[in-house]
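Scroll down for the structure; my scribbles are underneath it.
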Amino acid sequence: MNIGSVKVSFVIIFLLFRFGVFAEGDLNASGARSGGIAHASLCLNDVWSAINNQAGLASLKQVAAGAYYENRFSLKELSLYSFVAAIPVKSGTIGMSFVSFGYSKYHESKIGIGYATTLGKIIQFGLQLDYFQFSIPDLQQTNKLLTFEFGLNTLVNKDLILSAHILNPLHLSRTIIKSSNIPSLIRFGLLYSFSDQLLVTVQADKDLLNKASLKIGIEYQALSNLVARTGISTNPMINSFGVGMKWKRLIIDIATSIHQVLGIYPQMSVTYKIK
C-alpha cells in the first residue's frame, strides 16, 4: 500500500467515526424524495418504503422499481447505492432492497426482503428479513449479520398518518469495531396533509448508543408534475432541499443535503411504475 492510499484511508475512517458519517443508520433511508426532506420519510408510502418503512408498501397497487445514488462531500469513497422493487400480490406487497456503502477498503451492504399488508381498515404492517455485511479488507475482517425489522402505519384519517418502526429489535451485533455494530433503532413519525399540495412530516430516531435525532420535512406540489421539498435534521445538523419530476410512470427525484461541518452531498433517484 502506498503513502497516498494510507492517507486517503485514514481520512475516510476518521470521517466515518468522528462525524458519524458511517452508513449504519443511512442503510435504512434511501431515495432522493426522502433525502429532500432530511429523510423524515417514515410515513411516506412509495416503493422506497422497501427500505424506509416496510409498512408503507401496503399502499402500493402497481409493480415498481427504483435506483438511488448519493455521493457524500465529493468523496467517491463515501458513495451509497441502493435498489428497490415492490410487487403487489393478492394479500399484500412483497418488497426487495439492496444497499451498498463505502469503497474497497471499507464497505457495508444490506439485503432485505419483506412483506406488507393491511390489517383492518386503518393499520398497515410490514416485516422484513435483513442480511448485513461489513468488511475492512486491509484488516482481513469481514462480519455478517442476519436480523429483521418491522413497521406499523396507522391511517388515522385521510390527512393524518402515525408510524413506528424498529430495526434489529433483539439487538443482535457484529463486533469488528465497537461503533460498527448494528444498533437497535426505534423510529416514530407523523405525517399531516394540509391539502392535496402540501404535507409536513416529523420523525424522531433513537438507538441505544446515540442521542435522538429529530427530522422535519415539507413537500409542496407546485405543479401537477413538479414537487418541491425541504427538510432539517438534528444530530447531526443537516439541511436538505430537493425537487421531484414526473413523466407518466417515470419519476426522477433530485436532492442536496448540507452537513454543517463537512459540506454538501447530492442525491438522485429514478423510480418507474409498471402499469
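General observations
- Too-long pairs where the Cα-Cα distance tops 28 Å, listed order kept, from Lys158/Lys273; Lys76/Lys110; Lys158/Lys246; Lys61/Lys121; Lys211/Lys273: Lys211/Lys273
- Between 0 and 90°, nearest 10: helix 3-18 axis offset from the chain longest Cα axis: 50
- Sum of side-chain charges, Gly66 neighbourhood, beta-carbon under 15 Å (Lys, Arg +1; Asp, Glu -1): +1
- Label assignment, Cα extents along the principal axes in Å derived from the structure, set [x] 57, 37, 35; [y] 47, 45, 35; [z] 77, 42, 29: [x]
- Taking every alpha-carbon pair under 8 Å whose residues sit at least 6 apart, the chain reaches a relative contact order of 19 percent.
- Between Ala228 and Asn71, the modelled labels are 2.7 nm apart [label points 7 Å from Cα along Cα→Cβ].
- Mean-position separation - Cα centroids, segment 232-275 and segment 141-165, in angstrom: 20
- Per DSSP, loop chymotrypsin sites (Phe, Trp or Tyr not before Pro) in segment 182-242 with at most 12 further Cβ within 10 Å: Phe194
Bear in mind these aren't lab numbers, they're just calculated from the coordinates by the rules spelled out. What you see is a predicted model, and the numbers here were worked out from it, not measured in a lab. Glycine gets a Cβ as well: all are built from the backbone with ideal geometry, and neighbour counts include every protein chain shown.
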